[in-house]
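Take a look at the structure below.
Any read-out appearing in this document is the output of simple, stated calculations on the displayed coordinates, not a laboratory observation. Every value quoted in this text rests on a predicted model; they were computed, and no experiment measured them. Because the Cβ atoms are built from the backbone with ideal geometry, glycine has one as well, and the counts that use them run over all protein chains shown.
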Amino acid sequence: MRVKLNMLTLASIVCLGATSAAAQVSNDTEETEAVPEPDDSQVIKCERQAVTGSRARKKRVCLTVAEWEARRAAGQRTADAVLQDASRGFPINN
């Protein structure tokens, strides 16, 4: 019984040593490989948006930061155009 316990302990020590050695080798290779970091405008951001005509359904929209900014700018231009048209005055039919 004592021999089995010693063998089990020895086997676990060898396995742990091999695992840490393998982890160290993989860490060394990760440091040497240069991975270019993406530009902030190329990072993908996902957002859940409500589906028109549904109270509970949502869809997931994933775009780059640059695409989200372009959508925001287009929406802002549309809102500005509507406000400018409204400031000119529309005839009200009563």
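Toward the positive end of the charge dipole of the range 39-86, with +1 on the Cβ of Lys and Arg and -1 on the Cβ of Asp and Glu, the farthest Cα among V61, V82, A50 is that of A50. Extension gain for the segment A73 to D39, taken as residue separation times 0.36 nm less the Cα-Cα distance, is 10.2 nm to one decimal.
Let's test the formula: R0 of 35 Å, r as the Cβ-Cβ distance of R48 and R88. What FRET efficiency results, to the nearest 0.05? The calculated FRET efficiency here is 0.40.
Structural size metrics of the range 39-86, computed from C-alpha coordinates, are Rg and Dmax of 14.0, 40 Å.
Put in line by how crowded their Cβ is, counting other Cβ atoms within 10 Å and starting with the fewest, T52, T78, T64 read T52, T78, T64.
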